[in-house]
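The values are calculated or read from the model by the stated rules, or taken from the named source; none is laboratory data. The shown structure was predicted, so the numbers you read here are calculated from the model rather than taken from an experiment. Every residue, glycine among them, receives a Cβ derived from its backbone with ideal geometry; neighbour counts consider all protein chains shown. Remember, those area values only see protein heavy atoms, side chains included, never the ligands or the DNA or RNA. Shrake-Rupley method; radii C 1.70, N 1.55, O 1.52, S 1.80 Å.
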Amino acid sequence: MSASERVLIRQAHLLATFDDSEREWLGGSVLVAGNCIEALGAHDDVLAWIAADPARRSAESTIDARGCVVMPGLINGHHHLFQTLTRALGTGEGRVLFDWLKLLYPVWGQMNPEAVRVSAKLGLAELILSGATTVADHLYLFANGARVDDEIEAALELGVRFHPTRGSMSVGQSAGGLPPDHLTETEDAILSDSERLIAHYHDPEPFSMLRLGLAPCSPFSVSADLMRQSARLARSHRGVGLHTHLAETLDEERYCVEHLGMRPLDYADAVEWAGTDVWFAHMVHPSPGEIEHLARHGSGVCHCPTSNMILASGIAPIREMLDRGVRVGLGVDGSASNDGNHLLGEARQAMLLQRVGWPGFESRADRFSAREALGLATRGGARILGRPELGSLAVGQAADIVGFRIDDLEHAGAQSDPLAALVTCTPTRVWFSMINGRRVVQKGELQGIDLPLLVERHNALSRAMLEGAGLR
Ligand SMILES: [Zn+2]
């Protein structure tokens, strides 16, 4: 579409903005001009706004949103897209993180550039169909010439807003780390490739479609010096975020105390990882003092409930974090410790896990509502990624807008609260998705992608990796 083309998303069953006032309209419409929102509100008010000024041309095209809940596109804050290649490997058995990683590292070591590109495309397609319009990814393993560029290529093809983070592992088994030595890189190579990627791809401006982050993998796979150097490198550029796994499991906490002499967040603090440019995946096991520390420094947390359940990691105290003012977003985590890429479904998991984690006899409004769960996936994601122009619908905000049907089989009878129904009922796929003003999904179909062909190629690559690792 041209920069000025207008699209009217008309007469949504419910328009939910997730803006500061949490405005919602039955029968609401949104007028999009180019890549941002020009007007929104009750349908008649939007039409009256257009008619009030002859300079305001009416929309060139419309999206009929009757029967849909229309809301901001969802934001995925943590992922390893390459892991779609190894779904259902070990997850059926109840393994915990370290045992699961040791099973999967050799298979991931079989990856090549095509496997990274194809798995990213497949995982992103699944995410977009589940409502995601912005995706952060964490690629930390670079076997056989694979590079971050390979997944960026896939994101550009699909038109999703992308936050790739350049991951890294530099401490192998021989040095007391968890990954096999041959899957680690030298710290010089990691830092120079990080610099190259920032120079080549990073766009710090508002409405950016691609922002880089730096992401040493975890306390048990990189050195303190790499953590510190990565933080300094990121901060020498505008808008480059810092991301890592932290406080994911009790095993990790024990590793930190034994090998580093301190708890995970103290370690992060010691290597200069605190601030609004930092977001940690998981934070399942923070102490009350650590929650206070996160709130005080503005460091973000990406909650990954399904992964935390599959790997028996625990229940992150998200209710308490939100109440204390911590910035919290939502992520599906790698497809192999979730075995899915359904971001709306992840919001449902977040809602359910917070409720079951603190059972009781009283009904409580703060038990964790559907709107709070959806808020993690919208405003929360925008906050941890430092993207105020995303995650809510208002005049001037980015035109990242999705619509879910509410008049289908799964939502029959859910008339009383259609927005909550998106996560209290079975989560479904989007009916339409617009990213940066471009229509990416129409009538439930991802545009311009042959999905069966993509799945076939993906599975051939997956089989080759299993065979290469001697698991087939
Ligand atoms: Zn992860």
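Restricting the search to the range 231-242, which residues are in contact with a strand residue (DSSP E or B) (Cβ under 7 Å, 6 or more places away or on another chain) and open to solvent by 10 Å² or more (accessible area, probe 1.4 Å)? So that I can check it myself, show each step before the final result.
Of all residues in the range 231-242, those in contact with a strand residue (DSSP E or B) (Cβ under 7 Å, 6 or more places away or on another chain) come to 231, 233-234, 240-242.
Listed by number, the residues that qualify are LEU233, GLY241.
Have a look at LEU127, LEU139, LEU104 and point out the one that is over 24 Å from GLY444 (Cα atoms) and under 15 Å from the mean Cα position of the chain (by Cα).
So the residue among LEU127, LEU139, LEU104 that is over 24 Å from GLY444 (Cα atoms) and under 15 Å from the mean Cα position of the chain (by Cα) is LEU139.
So, in the range 319-333, of the ones that are charged (D, E, K, R) and not in a loop (DSSP other than H, G, I, E, B), which residue ends up surrounded by the fewest Cβ atoms within 10 Å (Cβ to Cβ)? Talk me through it step by step, then tell me what you get.
Going residue by residue through the range 319-333, those that are charged (D, E, K, R) are 319-320, 323-324, 327, 333.
Within this subset, residues satisfying the condition of being not in a loop (DSSP other than H, G, I, E, B) are 319-320, 323, 327.
Working: ARG319: 18, GLU320: 14, ASP323: 12, ARG327: 23.
The extreme case among them is ASP323.
Given the range 359-444, what helices (runs of 4 or more DSSP H) lie entirely inside it while holding 2 or more residues that are touching a strand residue (DSSP E or B) at 6+ places or on another chain (Cβ under 6 Å) and in contact (Cβ under 8 Å) with a residue 40 or more places away in the chain? Output list reads 381-384, 418-424.
Residue by residue, here is whether (1) modelled with pLDDT of 95 or more; (2) closer than 27 Å to ASN436 by Cβ; (3) open to solvent by 60 Å² or more (accessible area, probe 1.4 Å); (4) not aromatic (Phe, Trp, Tyr) holds:
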| position | (1), (2), (3), (4) |
| --- | --- |
| HIS200 | yes, yes, yes, yes |
| LEU212 | yes, yes, no, yes |
| VAL222 | yes, no, no, yes |
| GLN229 | yes, no, yes, yes |
| THR244 | yes, no, no, yes |
| THR249 | no, no, no, yes |
| ASP277 | yes, yes, no, yes |
| ALA295 | yes, no, no, yes |
| GLY300 | yes, yes, no, yes |
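Within the range 48-72, which residues are closer than 21 Å to VAL402 by Cα, surrounded by fewer than 19 Cβ atoms within 10 Å (Cβ to Cβ) and not small (Gly, Ala, Ser)?
Here is the first cut: in the range 48-72, the residues closer than 21 Å to VAL402 by Cα are 59-72.
In the following step, the residues that additionally are surrounded by fewer than 19 Cβ atoms within 10 Å (Cβ to Cβ) were identified as 60-62, 64, 66-67.
Of everything in the range 48-72, those that are closer than 21 Å to VAL402 by Cα, surrounded by fewer than 19 Cβ atoms within 10 Å (Cβ to Cβ) and not small (Gly, Ala, Ser) turn out to be GLU60, THR62, ASP64, ARG66.
The set of residues in the range 269-307 being within 16 Å of the ligand (Cβ to nearest atom) and in contact with a Phe, Trp or Tyr (Cβ under 7 Å, 6 or more places away or on another chain) consists of GLY300, VAL301, CYS302.
Can you say whether ILE310 is within 16 Å of the ligand (Cβ to nearest atom) and either open to solvent by 30 Å² or more (accessible area, probe 1.4 Å) or in the same structural domain as HIS282 (by TED's automatic domain parsing) (or both), as far as the supplied structure shows?
Values: within 16 Å of the ligand (Cβ to nearest atom): yes; either open to solvent by 30 Å² or more (accessible area, probe 1.4 Å) or in the same structural domain as HIS282 (by TED's automatic domain parsing) (or both): yes.
Yes; evaluated as a whole, the condition is true for this residue.
Taking (1) more than 26 Å from ILE198 (Cα to Cα); (2) in contact with a Ser or Thr (Cβ under 8 Å, 6 or more places away or on another chain); (3) open to solvent by less than 50 Å² (accessible area, probe 1.4 Å); (4) not small (Gly, Ala, Ser) in turn, TYR255 satisfies each apart from (2).
Quick one: which of ALA336, ALA350, ALA316 is more than 15 Å from the ligand (Cβ to nearest atom), open to solvent by less than 10 Å² (accessible area, probe 1.4 Å), within 22 Å of TRP100 (Cβ to Cβ) and not acidic (Asp, Glu)? First the steps, then the outcome.
On the way: ALA336 fails: more than 15 Å from the ligand (Cβ to nearest atom); ALA316 fails: more than 15 Å from the ligand (Cβ to nearest atom).
Checking each option against the conditions leaves just ALA350.
Sort out for me the strands (runs of 3 or more DSSP E) sitting completely within the range 45-148 that have 1 or more residues that are within 16 Å of the ligand (Cβ to nearest atom).
Details: elements: 61-64, 68-72, 74-76, 132-139.
Once the strands (runs of 3 or more DSSP E) in the range 45-148 are filtered for at least 1 residues that are within 16 Å of the ligand (Cβ to nearest atom), what remains is 74-76, 132-139.
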